[in-house]
Amino acid sequence: MLIELDGLFKTYEVGTQKVPALKNITIDVKETEYLAIMGPSGSGKSTLMNIIGCLDIPTEGSYRLKGREVGTLDDDELAEIRSAEIGFVFQTFNLLPRMTAFQNVELPLIYGRASRKGRSDRVWETIDAVGLKERAHHRPSELSGGQRQRVAIARALINRPSIILADEPTGNLDSTTGEEIMQIFRQLNNAGNTIILVTHEQYIAEHARRIVKLLDGEVASDTTA
Amino acid sequence: MEFRETLLTSLRTLSSHKMRSLLTMLGIVIGAGALVAVMSLIAGLNQSVAAQFQSIGTDIISVSRYPWVQMGDSDEFRRRKNITIADAEAVGRLPSVGLMAPNIHTRRNISYGGETVRFTLVTGSTPEYETIDNYLVENGRFITRIDVERHRASAVLGSEIAEELFPVRDPIGRKVKVGGKQFTVIGVMKEKGDILGESLDALVIIPISTFEKAFGSRRSVVIDCSPEEGVSMSRTIEEIRQILRIRRKVPRGDPDNFAINTQSDLLSSYNQITGVLYMAMVGIVGLALLVGGIGVMNVMLVSVAERTREIGVRKAIGARRADVTKQFLVEAIILTGLGGAIGILGGAALALLVRKVTPLPAAVTPTAVAIAAAFALIAGVLFGVYPATRAGRLNPMEALRYE
């Protein structure tokens, strides 16, 4: 099993008040799954994504990634896991503006301490896979929204992570471009990548093979197409 | 993250904010520049002063009513009794004293034909003065025992005076007027140069006996002497002190009412003064670098805040705390290091300019450069650590949400 969430709680403290964001979440995700996490804003889907992405840790319960308990790790250990196992794709792309597309894609390799030898080949290969070879030396500001998201996907893929976590990846794109991006995710999943998609749009969620719906921090439904 | 990548990232960031980076560096540039410039000037000054002091003669002991460097109660100085020729002779008879030359001084106009050099130093002394005070005769001869015994109106000219009065003609044998009295030029001395800005060549030396006859005998005498061969400076000085205390009736326990000056005393009081100046300068520059460093810290904090989201992204894609901290620290060090380098070059250029346009032989010393560089780098580390640590500790989730 790739991801095992067991009795997961996340509570935020706002002043003296405790605000529960996730309540007793128990979900398993197998390798090569294509899962969408759905729910209205405030349902806890972002919190869940942050925990699965190792950006945050649960207050209670257990999260095992590839059999390893994540909830007790420190900052740097979490960073190692993000580096090796997680590829993020964000709604607002989050590319570094002063770097070219090529450099943006290369960055996870550098943080992952990949040796310089062969690094450039791997970047080219990955950029080619998202169809951006011609734009590789352009900065994000010189690229269209769709192109930026392709760069972000290449960046997420470069370290060959176990999970690709996409947070509203089409939220800032027009519907045609959004559809193109969703096609890329489909191909990636067909090629054996595990994808977790966070969205509030039903038609985007329907690209996934399994949909988990959250409501008020709890799992409301878990359906596999 | 490899250092090369960290360095490239930092350089990229800094060059994308060129104006801000330059302004941030300015404080460090000025601090480091001032440090190098001032240390170079002081080093140059020291070099030239040390060379000047050599020209006095290294083992001369000069006894006078006042010390060369006066610190303290000047009223007490003024009440002191004159030193007499008899005092000088008594000193001369001490077994520890080798050569001795009493000398007295006044200022008079000196003229030849239509030329007059006003208010020139006139020194009355004995033949020993030539050796003790390191005056070499270039042309003619120095005053002799016979000149002194017979009260001859003979004069030896300093090179500067000779040049002024006799730009073309050979001065030897010519009659000059010193303070209205006629003297025959018997010699011209070799150029000695300056000491602390005062020429050692603008003087006339005449026999001490003639001096007293012509200008009076009520001046205090200066006793220049050197230790006997094989006798230490300190022993000679002690013997001179004892005999003068007795002769001048200084009560036991009272301080000396005369001064025994040596070149090394002068050099050490000079070094004391420049040493204080030096430390004060280093302090001021340290302060300047501190202010510059605070400027760097301020800008780094702004930069961390501005780039919160970038830090979040970097962490999300695998950057560890240390990767982020290192990046910001390197940025701070590049800022201060580059500022330091520019300052050092500027300061050195200033020093060399001074050397070119003034007589001061300003010398850029490796010490000055090393201190400035060290100060700049330390400022970078010191003031970079806090913003960098703060950047490294940012929570990635919150950083990503930052607008």
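The values are calculated or read from the model by the stated rules, or taken from the named source; none is laboratory data. Quantities reported herein were computed from a predicted structural model and do not represent experimental measurements. Cβ placement follows ideal geometry from the backbone for every residue including glycine, while neighbour counts extend to all protein chains displayed. The area values use the complete protein model at the heavy-atom level, side chains included, leaving out ligands, DNA and RNA. Shrake-Rupley method; radii C 1.70, N 1.55, O 1.52, S 1.80 Å.
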Task: Qualifying helices (runs of 4 or more DSSP H) (wholly inside the range A:58-131; at least 1 residues being among the β-branched types (Val, Ile, Thr) and in contact with a Phe, Trp or Tyr (Cβ under 7 Å, 6 or more places away or on another chain)) - done: A:119-129
Open item on the list: Against the condition of a type in the set (Val, Ile, Thr) and open to solvent by 80 Å² or more (accessible area, probe 1.4 Å), how does A:Thr126 come out, does it pass?
Closed with: no
- [ ] Go through A:Ala136, A:Ala101 for me and flag whichever is surrounded by 19 or more Cβ atoms within 10 Å (Cβ to Cβ), more than 9 Å from chain B (Cβ to nearest Cβ) and hydrophobic (A, V, I, L, M, F, W, C).
- [x] A:Ala101
Open item on the list: I'd like to verify a number: residues in the range B:331-340 that are open to solvent by 20 Å² or more (accessible area, probe 1.4 Å) and either among the β-branched types (Val, Ile, Thr) or at pLDDT 95 or above (or both), how many?
Closed with: 2
Open item on the list: I want to confirm something. Restricting to the range B:207-230 and keeping residues that are touching a Pro at 6+ places or on another chain (Cβ under 8 Å) and assigned to a loop (DSSP other than H, G, I, E, B), which single residue is most open to solvent (accessible area, probe 1.4 Å)?
Closed with: B:Glu228
TODO: Return the only residue of A:Gly71, A:Gly87 being within 12 Å of chain B (Cβ to nearest Cβ), of a type outside the set (Phe, Trp, Tyr) and within 19 Å of B:Lys315 (Cβ to Cβ).
DONE: A:Gly87
Task: Qualifying positions in the range B:300-333 - without any contact (Cβ under 8 Å) to a residue 60 or more places away in the chain, assigned to a helix (DSSP H, G or I) and within 22 Å of A:Glu80 (Cβ to Cβ) - done: B:Glu310, B:Arg314, B:Leu329
Open item on the list: As an exercise: evaluate A:Pro40 against (1) touching a strand residue (DSSP E or B) at 6+ places or on another chain (Cβ under 9 Å); (2) within 14 Å of chain B (Cβ to nearest Cβ); (3) exposed (fewer than 15 other Cβ atoms within 10 Å of the Cβ) and give the number of the one condition it does not meet.
Closed with: (2)
- [ ] Assess whether A:Asn159 counts as being closer than 21 Å to A:Val105 by Cα and either at pLDDT 95 or above or more than 14 Å from chain B (Cβ to nearest Cβ) (or both).
- [x] no
TODO: Could you please let me know if A:Lys18 is away from chain B (no Cβ under 14 Å) and open to solvent by 10 Å² or more (accessible area, probe 1.4 Å)?
DONE: yes
Task: Near pairs, Cβ below 8 angstrom, 6+ apart or cross-chain, from the range A:112-136 (more than 14 Å from A:Gln149 (Cα to Cα)) to any residue that is of a type in the set (D, E, K, R) and in a helix (DSSP H, G or I) - done: A:Ala114/A:Arg122; A:Arg119/A:Glu106; A:Ser120/A:Glu106; A:Val123/A:Glu106; A:Trp124/A:Lys133
TODO: State which residue is farthest from A:Arg155 (Cα to Cα) when the search covers only the range A:111-120 and only residues that are at the interface with another protein chain (Cβ under 9 Å from one of its Cβ atoms) and open to solvent by 10 Å² or more (accessible area, probe 1.4 Å).
DONE: A:Arg116
Task: Tally, over the range B:91-125, of residues that are open to solvent by 10 Å² or more (accessible area, probe 1.4 Å) and in contact with a Lys or Arg (Cβ under 8 Å, 6 or more places away or on another chain) - done: 7
Open item on the list: What's the total number of residues in the range B:132-149 that are closer than 19 Å to B:Ser209 by Cβ and either in a helix (DSSP H, G or I) or in contact with an Asp or Glu (Cβ under 9 Å, 6 or more places away or on another chain) (or both)?
Closed with: 9
TODO: Among the numbered conditions (1) modelled with pLDDT of 90 or more; (2) farther than 30 Å from A:Arg113 by Cβ; (3) open to solvent by less than 30 Å² (accessible area, probe 1.4 Å), tell me where B:Gly292 comes up short.
DONE: (1)
- [ ] Count, please, the residues in the range B:357-391 that happen to be open to solvent by 30 Å² or more (accessible area, probe 1.4 Å), over 18 Å from the mean Cα position of the chain (by Cα) and in contact (Cβ under 8 Å) with a residue 12 or more places away in the chain.
- [x] 11
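Here is a yes/no grid of residues against (1) small (Gly, Ala, Ser); (2) more than 30 Å from B:Leu352 (Cβ to Cβ); (3) away from every other protein chain (no Cβ under 14 Å); (4) assigned to a helix (DSSP H, G or I):
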site: B:Arg12; (1), (2), (3), (4): no, yes, no, yes
site: B:Gly27; (1), (2), (3), (4): yes, no, yes, yes
site: B:Ile30; (1), (2), (3), (4): no, no, yes, yes
site: B:Ile83; (1), (2), (3), (4): no, yes, yes, no
Task: Subset of the range A:139-153 [within 12 Å of chain B (Cβ to nearest Cβ) and open to solvent by less than 40 Å² (accessible area, probe 1.4 Å)] - done: A:Pro140, A:Ala152
Open item on the list: Out of everything in the range B:232-244 that is out of contact with any helix residue (DSSP H, G or I) (no Cβ under 9 Å at 6 or more places or on another chain) and surrounded by 14 or more Cβ atoms within 10 Å (Cβ to Cβ), what residue ends up being farthest from B:Lys81 (Cα to Cα)?
Closed with: B:Thr236
Task: Answer residue from the range B:33-74, given it is β-branched (Val, Ile, Thr) and part of a loop (DSSP other than H, G, I, E, B) and is modelled with the lowest pLDDT among those - done: B:Ile56
Task: Search result, residues across the range B:367-397 that are at pLDDT 90 or above and not aliphatic (A, V, I, L, M) - done: B:Gly380, B:Phe383, B:Gly384, B:Tyr386, B:Pro387, B:Thr389, B:Arg390, B:Gly392, B:Arg393, B:Asn395, B:Pro396
- [ ] Would you point out the residue of the range B:186-216, among those that are small (Gly, Ala, Ser) and touching a residue at least 12 places away in the same chain (Cβ under 8 Å), that is nearest to B:Val176 (Cα to Cα)?
- [x] B:Gly187
- [ ] Would you point out the residue of the range B:392-403, among those that are assigned to a helix (DSSP H, G or I) and surrounded by fewer than 22 Cβ atoms within 10 Å (Cβ to Cβ), that is nearest to the other protein chains (Cβ to nearest Cβ)?
- [x] B:Met397
Task: strands (runs of 3 or more DSSP E) within the range A:161-223 that include 1 or more residues open to solvent by 30 Å² or more (accessible area, probe 1.4 Å) and not acidic (Asp, Glu) - done: A:210-215
